[in-house]
Structures are given as structure tokens and as C-alpha cells.
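J.: Here it is, the structure in full.
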Amino acid sequence: MTTKDTILILDFYGQYNQLIARRVRECGVYAELVPYTISIEEIQKRSPKGIIFTGGPASVYEEDAPKCDQRIFELGIPILGICYGMQLMAYLLGGTVKKASKREYGVTSVRLDTTSLLFQNFSSKNDFLMSHTDFVETLPDDFVGIAKTKNCPYAAIMNSFKNLYGVQFHAEVELSNDGVTLLKNFLFSICHCQDTWKMDSFVEETVSFLKKKIGNKKVLCALSGGVDSTVAATLVEKAIGKNLICIFVDHGLLRKGEAEQVEMIFSLKQLQFQKVDAKERFLTRLRGITDPEEKRKIIGEEFIHVFQEEAKKIGKIDYLVQGTIYPDVIESGVSTKKTIKSHHNVGGLPDVIEFEEILEPLRDLFKDEVRKVGLELGLPKELIYRQPFPGPGLAIRIIGDITEEKLSILKEADTIFREKIEKNHLNDSIHQYFAVLTNLRSVGVMGDERTYDYTVALRAVETSDFMTAKFAKIPYDILEEVSEKIVNEVPHVNRVVYDITSKPPATIEYE
Ligand code: XMP
């Protein structure tokens, strides 16, 4: 790959660490989150144009507080410390940090010295999010204060000779007014970065890198139908064409029309695409199984068996391509590219199939960047903006045992619900929405007839990270339309309920 201007973000465990990296990238500059323990040699090897210290929950004066190598300030690289990052900078360079009697929290009016490069294009007052108890009490030599609030004498500090800056507030969050301008000032006026991190150049560079790397060798990809594996496979396909072999295992637990959509996208291309119809196999193994964990385990195992059998038929494979993305890398604690991540969607695959190396063309990208790459590659929008879908599929949205009939009921009800949400343009604010077939049957009346049929539960949540979620407040009239359509059009459903629990205490999925 060609060299690109890089910002290294030293992670001191702040809750906004990934967000800082995303914001920098949105400004067109490549940013990487690295452990605060990164060595000076490693930093020099990467030649970053600037360094950012994240916030974090510790206090600098605690014995085991996370601290970076002090020599970092002598590298001549501009540094921006945020919150804990600013306190650490001040502390390590000889200033003092103290605990305030009261925490300063919330959007706060900050007075700025607009002659500082960091605050150019701001007016003298701006609202930023403050969230701290500790504060910098005295400054290190050669530093000056460039912002203050009613309670905080040093809301921002700088040593302009050494290009060291610190802000006590969180410019990276949306609650802060114009925080992006501050980041841009740091990136472009202080670090002199070029805004070359763009997804069209990413496609071009990655394709040419893959072409060179793979040559005439063979690559295998397990397509799941999700956006990550589809975008990863499409990049490899663009690089090497027919030497990419895609295996798509249709386990029969996908949503209505999903398998056909994946097949259509890939069968149009000049590559070897194999859809394996394993529906019967999966359903046979799942017959009579009601325990959620057992279902998940069976599906994982069966997937590997099918994949392995198909791979054996193909013969020697040189590379395996995976759709690992940057949050997966961060979450598994690997931010130094040296280790190839072994965790992936289809558990255990690399151990059972022989190949030289794993290719992960998306391992540096956030989800929104993967989507932009997908658009660049001309993939359909419905696929790119598809909401998350669990690997075990509809099996964990059917409570109790799984049968063909139940799958068919759920697919129809789910399609009706999803179409209504999309038609009413609620899909931007609701991040995951689907139907669940409960195991509850109850008495109803249809025409003059008594019925004894299933209850469908509708689940729709708003969330930013899927770790916590709130149930979506869908207007009653839309819920009414969905309910009427489902009971009228889907046989064996006589009751529809809407799930009004958040996560926690519930989870998003039912099993
Ligand atoms: P829960 O139910 O734990 O789900 O609140 C959180 C998010 O994770 C998705 N999910 C999965 N994704 N394999 C996946 O790839 C799985 O086994 C799995 N289980 C849950 C779920 O859809 C939600 O977005």
C-alpha cells in the first residue's frame, strides 16, 4: 500500500476511544488505535503525523495509572491529549493534577483563546462536553492555558514550541458544538496532514495490493450473506477474478429472499461461486432441539462440516479470505497487526482447513467505512445497509423446536414487519427490527371459527453499540397495520405482541 498520513491514538481506556478514531477518519486522515504501552521504536517505525491520547477512567497520581513512555514528548510529533490524556501530559511534564470536590459533567460553556491554532475558526465561547473530576492545577514549564470554564482554570493547554496540546473536554462527541473543527485544526494546521484517506483510493490500493500478493494462487471465501464477507469477497474478486472461490452455505435459516439475493450478486460475477443447499442437513440435526445453546452449537459445527467437505472437493487452497473488521480487531485486543486474528464468524475454520495465510482486507475499517467501500464497489444498497443478522439465523428466533412450518411462518411475518418499517422510513432510527415466533399458542377467533395458533412477537430496538438497547417507540397505527397484515396473511398466527423491554435486562435476540 502507498504511505498515508497516520494519526496514532494511544488508548487509555476512555469510553470514546473508537469514536476518536472514527472522527479523525471522517476528516480524511487514517487513524489507528494502539495500546498506551506502545514502544517508542514502534511509534517511530510508523512515522505518525500526530498522536492523540484518549481519555480514561484513571487518575494520574494513582500508583498503577496507565502511563506512556515519557520520551514520546521528545519525538517532535504533535500531540493532543484529551481529558485523562491532557492530565497525563501535564503530570509527566512536571505540572500537577488534583481531584476537584465536585465532578464537572455536561455540556459546558468554554472561553477560548482564539489566537491559538487549536481554536482558529471558533468564536471566543463554545459549548463542549465536560466529564471530569480531576483537573490540571499547575502547568508544566513552557505551557500556557488557552481555555477555561467557570470551574476549570485550564480547560485547554498548549506548548506551541513543541506542538503539545491538551483539552479537558470531549470535542469528539456530538454533544460538543463544532468539535470536528477542533480536530481539523489539530490534523491540518498543527500536524499538517493531507486528507487522503478516502474509500475510492482504499479500493484501488487494496485491489492492487491483493493482486500482487495473491498472484495466481487460489483463495477461498465463506460467504455469509452479510455485508462484511460480501465486501471482502468482492474486493478479492476484483483483484484476482476466477481464482476466488466462494462457498455460500444456505442453512435454510436465512430471512426470506436472502439466499437468492446473495446468489444473484455473485453469480453475475466471473468467479467460482458455489451455493451449498444444506437446508435438510441442518434441519435434520436441529430436529427436536429446544435448548438455545445446543442449537447454536449444532449450527456452528454443521457449518464447519459442510464447509470442510466442500473445500476438500476443491483441492489445494492457498489463502482464506475473511471479513474481519476493525472493531473485531480492537475488541480482541490486537491492535498491532502482528497477530492474525483467529476469532471469526464461522468458529474454528482455520484449524481444520490447510492454507498458507488468512487475508483480511477490511481489518483496518470501521463498519461505516466498509459500507462506503461496498457502495464504491457497486453492491446493492439493500445489502450494504442490511441490519445485523446473527450467524445462527432464524433458529434463535424460533422458540423451542424448529420445523419447516415454523420457519415458513416466521419468514412471512418477519418480511411483513420489515417492509412496513422500511415503507414508513423508520429504518434509520431503528437499528434492528425483526419478528420472533414464540412457542406460545392461544385461543382466537377468525370469522366464526375458533383458532388455536401461534403468537408472533415483534422486536425493534434503538442502539448504537448493540451492547445496550432501548425498545423503539413505534407509532401504534403502524403496529396495528403490521399486526392486521400478519394475522390476515400468515397462516397459523392469531396473535401479535410488541416487545417493550430494553437491554438489559432482556437481550436483543430471544435465544
Ligand atoms: P443480543 O441478543 O446478545 O444480541 O442482545 C446483540 C447483537 O448481536 C447479534 N447476535 C449475533 N451475531 N452471531 C452473530 O453474528 C451470533 O451468534 C449472534 N447472537 C446475537 C444480535 O443480532 C444483535 O445485533
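The values are calculated or read from the model by the stated rules, or taken from the named source; none is laboratory data. If you're wondering where the values come from, they're calculated on a predicted model, not measured in any experiment. Quick reminder, even Gly has a Cβ in these numbers, built from the backbone with ideal geometry, and neighbours come from all protein chains shown. Just so you know, the surface numbers come from the protein's heavy atoms only, side chains and all, with ligands and any DNA or RNA stripped out. Shrake-Rupley method; radii C 1.70, N 1.55, O 1.52, S 1.80 Å.
J.: Before anything else, pin down the relative contact order of the chain: Cα pairs under 8 Å, at least 6 apart, normalised by residue count, whole percent.
T.: On the way: 957 pairs, mean separation 51.1, N = 511.
In percent, rounded to a whole number, it is 10.
J.: If you take the square roots of the eigenvalues of the alpha-carbon gyration tensor of the stretch 261-314 and sort them as a ≥ b ≥ c, do you get rounded (a/c under 1.5), prolate (a/b over b/c) or oblate? Write down the numbers at each step before the final one.
T.: Working: a/c = 3.01, a/b = 2.01, b/c = 1.50.
In terms of gyration-tensor shape, prolate.
J.: Give the value in nm², to one decimal: projected area of the alpha carbon convex hull of the stretch 33-153, averaged over all directions.
T.: With the hull built on Cα positions only, its mean projection is 8.1 nm².
J.: Next up: Would you work out the charge dipole size for the chain about its Cα centre, treating the Cβ of every Lys and Arg as +1 and the Cβ of every Asp and Glu as -1, and quote it to the nearest 20 debye?
T.: Details: 64 positive and 74 negative charges, 158 e Å.
Rounded to the nearest 20 debye, it is 760 debye.
J.: I would also like to ask the following. Label 7 Å along Cα→Cβ of Glu204; the stretch 17-41 residues with amide nitrogen under 17 Å?
T.: Within reach of a label on Glu204, which here means backbone N under 17 Å from a point 7 Å along Cα→Cβ, the stretch 17-41 contributes 28-30.
J.: Among rounded, prolate and oblate, which fits the stretch 398-498 when a ≥ b ≥ c are the square roots of the eigenvalues of its C-alpha gyration tensor, a/c under 1.5 means rounded, and a/b larger than b/c means prolate? Numbers along the way, then the final one.
T.: Working: a/c = 2.18, a/b = 1.57, b/c = 1.39.
In terms of gyration-tensor shape, prolate.
J.: Report the per residue volume, in Å³, of the convex hull enclosing the C-alpha atoms of the chain. Before the final figure, lay out the partial values.
T.: Details: hull volume 87.4 nm³, N = 511.
Dividing the Cα hull volume of the chain by its residues yields 171 Å³.
J.: A follow-up question, please. Of the peptides 223-236, 105-118, 496-509, how do they stack up when ordered by the mean number of other Cβ atoms within 10 Å, highest first? Please list the in-between numbers first.
T.: Numbers: 223-236: 24.1, 105-118: 16.4, 496-509: 14.2.
Put in order of decreasing packing, that is 223-236, 105-118, 496-509.
J.: Could you tell me the distance between the Cα centroids of the stretch 469-511 and the stretch 36-106, to the nearest Å?
T.: One Cα centre to the other: 47 Å.
J.: Could you compute how much accessible surface Met264 exposes when probed at 1.4 Å, giving the result in Å² to the nearest 10?
T.: 110 Å²
J.: Using helices alone, I'd like the mean residue ellipticity at 222 nm for the chain: each DSSP H run of four-plus residues gives -39500 (n - 2.57), total over residue count, nearest 500.
T.: -9500 deg cm²/dmol
J.: Moving on. Would you mind classifying the stretch 172-278 by shape? Square roots of the alpha carbon gyration tensor eigenvalues, ordered a ≥ b ≥ c; an a/c under 1.5 is rounded, otherwise it is prolate if a/b is larger than b/c and oblate if not.
T.: Numbers: a/c = 4.18, a/b = 1.76, b/c = 2.37.
Note, shape of the stretch 172-278 comes out oblate.
J.: Any idea which of Phe186, Asn216, Ser160 is furthest toward the positive side of the dipole for the chain, if Lys and Arg beta-carbons carry +1 and Asp and Glu beta-carbons -1?
T.: Ser160
J.: Ok, one more. Quickly rank 151-160, 450-459 as a protection proxy: mean count of other C-beta atoms within 10 Å, highest first. Please list the in-between numbers first.
T.: Details: 151-160: 21.5, 450-459: 18.9.
Final packing ranking: 151-160, 450-459.
J.: While we're looking at this one, here's another question. Taking the Cα-to-Cβ direction at Asp368 and at Tyr105 and moving 7 Å from each Cα, how far apart do the two end points lie in nm?
T.: 2.6 nm
J.: If you don't mind, another one. Spin-label point model (7 Å from Cα, Cβ direction): what's the Lys297 to Glu263 distance in nm?
T.: 3.3 nm
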